[in-house]
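The next block holds one structure in the form of structure tokens; read it before the comments.
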Amino acid sequence: MKTYDAIIIGSGQGGTPLAKKLAKAGWKTALIEKQYIGGTCVNVGCTPTKTMIASAKTIYTITQAHTLGVEAELKSVDIATILKRKSDVVDLFRDGSQKGVEETENLELLWGKAAFTGKNELQVMLNSGGSEIISAPRIIISAGAHAAIPKIPGIEDSGYLTSASLMELTEIPKHLLIIGAGYIALEFGQMYRRFGSQVTIVEQGERILVKEDEDVSHTVLEFLQQEGIRVICKSGVTKIDNQEDYLLVSLKDGQELPVSHLLVAAGRTPNTSDLNLEKAGVIVTKKGHIQVNEFLETSAEGIYAIGDIKGGPQFTHIAYNDYIILAQNLLANKQITTDRIVPYCMFTDPQLGRVGITETEAQNKGLNIKVACLPMSKVARAIEVGDQRGFMKAVVDADSGQILGAAIIAEDGGEIMSVLQMAMLGRIPHQQIRKMIFAHPLYSESLNNLFLTLEK
């Protein structure tokens, strides 16, 4: 049996830097990966998606050029070239990450699938054949998650797509039906609508983006519908019939929709089922996520979990921050996950940049708040570039003036949100931002006017 100081399962955006950090600290470290270095983000998530969204944005820019006095014609959409560019970018990121791992001293990369055989022991089924038993006093699980597939009659025979497999499809769907109306669903819906697909989104809840405030949900719905996307809420798919050359999708409200392709974007399932966690004494939730405390420790001593597999906010930047916290905990002083500010961005066009709590959450907690809101039609930069969709919104503490949360729907909503995130981290009150000097005429300059609304 080969022994290490630490073993990391999964080479995503938390696992890879953690493995390198521990190895550079002198720990004999093993990193186990069953397929590609980089995890979901680099291979089938953020990197390929945002690369393809850039192509979709260019299409939209061409179709809207006449509003700026430029006559332009969209001749065609070359999906093969779009996919090749996406693959090239993925390869660039993946190869760079793998090279960094392979060049790190004290770090061994094992290609295979890991499962626990005991408290501190793993069996690795090697991709090259055979298996290997390894052990370590510290094992970090960073195995990620995959698309959840709902149990719907006929779905297994439908040839359904996930966000990963759709980005390998060499044709543009004639009619794409999407199950779910979360961040992934809306990004792909808008992207493929711009590529030329008819798009229908089906959501069983009351509205899209149910975790966001209603005004956010409504505004996003509005700009999606303006592009011709059909959104059906308070419904759901009950049956899928695979016809000779199309899919017939039945909904709860009685509608039957003939579509060419089906995208399932109804949540994510943690990759815990094949890890034999019970043999290590690791407790999971009813949904299969590994339970961790604020130090990212599991129920088993010496075993930790980071990233999507532990539940909570499932974002690349959270997995990376998990790495930072756990590395600090293993090598120096204790840090916790419960006091961090969580930002995220939905890369529709315009973007939705979000940080902190929503207005609804603040009200449910009984907080004494004020809400600042400014439509993008009142933002100089938005008027100048010709895109006034969206608004800026901030939730502030009525007593201290501290910013508690923000939602920015704008062309660069994520970048504007990040300014407010920095203010939250630095505990800069809204009154000070109101009087700050920003370079003119940036989007962020209108944060002056956003907080001016609280003085009226």
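The values are calculated or read from the model by the stated rules, or taken from the named source; none is laboratory data. Predicted model only: the values in this text are computed from it and were never measured. Neighbour counts are summed over all protein chains in view; Cβ atoms, including those assigned to glycine, are modelled from backbone coordinates with ideal geometry.
Details
- Qualifying residues in segment 305-344 (those that are under 22 Å from Gly405 (Cβ atoms) and among the aromatic types (Phe, Trp, Tyr)) - the one surrounded by the most Cβ atoms within 10 Å (Cβ to Cβ): Phe315
- Residue count for segment 24-67, restricted to those that are charged (D, E, K, R), farther than 23 Å from Tyr183 by Cβ and either touching a His at 6+ places or on another chain (Cβ under 8 Å) or not in a loop (DSSP other than H, G, I, E, B) (or both): 2.
- Residue in segment 320-338 that is closer than 18 Å to Ala19 by Cβ and β-branched (Val, Ile, Thr) present: yes
- Hey, Leu374 within 30 Å of Ser142 (Cβ to Cβ), outside the structural domain of Lys20 (by TED's automatic domain parsing) and more than 21 Å from the chain's Cα centre (by Cα) or not: no
- Taken together, the residues in segment 71-83 that are free of Cβ contacts under 8 Å to residues at least 40 places away in the same chain and either aromatic (Phe, Trp, Tyr) or in contact with an Asp or Glu (Cβ under 9 Å, 6 or more places away or on another chain) (or both) amount to 0.
- Of Leu257, Leu275, Leu263, all but one fail to be of a type outside the set (Phe, Trp, Tyr), assigned to a strand (DSSP E or B) and buried (at least 20 other Cβ atoms within 10 Å of the Cβ); the exception is Leu263.
- Residues of segment 196-236 that turn out to be within 21 Å of Asp253 (Cβ to Cβ), touching a Lys or Arg at 6+ places or on another chain (Cβ under 8 Å) and of a type in the set (Val, Ile, Thr), as a count: 4
- The sole residue among Lys365, Lys435, Lys393, Lys378 that is in contact (Cβ under 8 Å) with a residue 40 or more places away in the chain and surrounded by fewer than 19 Cβ atoms within 10 Å (Cβ to Cβ) is Lys378.
- All strands (runs of 3 or more DSSP E) inside segment 279-375 with 2 or more residues being at pLDDT below 95 and touching a Cys at 6+ places or on another chain (Cβ under 7 Å): none
- Complete set of residues in segment 232-273 that are in contact (Cβ under 8 Å) with a residue 40 or more places away in the chain and among the aliphatic types (A, V, I, L, M): Val237, Ile240, Leu247, Val249, Leu251, Leu257, Val259, Leu262, Leu263, Val264, Ala265, Ala266
- Check on Ile383, modelled with pLDDT of 95 or more and either surrounded by 22 or more Cβ atoms within 10 Å (Cβ to Cβ) or part of a loop (DSSP other than H, G, I, E, B) (or both): no
- Scanning segment 164-207 for residues that are assigned to a helix (DSSP H, G or I) and hydrophobic (A, V, I, L, M, F, W, C) returns Ala164, Leu166, Ile184, Ala185, Leu186, Phe188, Met191, Phe195.
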